[in-house]
Amino acid sequence: MKNAIIHISYAKTNFKCPHCEKPYDDSEDIYLERCNKNKSGCTTIQCECELRFGMTYDIAGKAVSFKINKR
């Protein structure tokens, strides 16, 4: 393992839909990349329950989901 880079991540990538509690996992960093593309640092997800919710990562690296208020 000479000159190898080892990356250890302690980030929690599991989160749930805040409406129906369907579990999600971002171990492939799909949602992380979507969050990084947005200025807000958040992304929206359309769940199987047909409701949308927001998702982001907190300062500790934990995936957090939240309900989106309709205006």
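The values are calculated or read from the model by the stated rules, or taken from the named source; none is laboratory data. From a predicted model like this one, the values you see are computed outputs, not experimental measurements. Neighbour counts are summed over all protein chains in view; Cβ atoms, including those assigned to glycine, are modelled from backbone coordinates with ideal geometry. Protein only, heavy atoms only, side chains kept; ligands, DNA and RNA dropped before computing areas. Shrake-Rupley method; radii C 1.70, N 1.55, O 1.52, S 1.80 Å.
Quick notes on this structure:
- Each label point was placed 7 Å from the Cα along the Cα-to-Cβ direction; for Gln46 and Asp29 their separation is 2.7 nm.
- Accessible area in square angstrom per residue, the chain, 1.4 angstrom probe: 83 Å²
- Computed per residue of the chain from DSSP H runs no shorter than four, each worth -39500 (n - 2.57), the mean residue ellipticity at 222 nm is -3000 deg cm²/dmol.
- Carbon plus sulfur fraction of accessible area for region 14-67, probe 1.4 Å, in percent: 49 percent
- Among Ile45, Ile59, Ile30, residue whose mean-square fluctuation peaks in a GNM of the chain (springs only between Cα atoms under 10 Å): Ile59
- Rounded to the nearest 5, the antiparallel percentage of DSSP beta bridges internal to the chain is 90%.
- In percent, rounded to a whole number, the relative contact order of the chain is 29, using alpha-carbon pairs under 8 Å and six or more apart.
- Taken over the chain, the alpha-carbon convex hull comes to 115 cubic angstrom per residue.
- Each label was represented as a point 7 Å from its Cα along the Cα-to-Cβ direction; for Lys37 and Ala60 these points are 2.9 nm apart.
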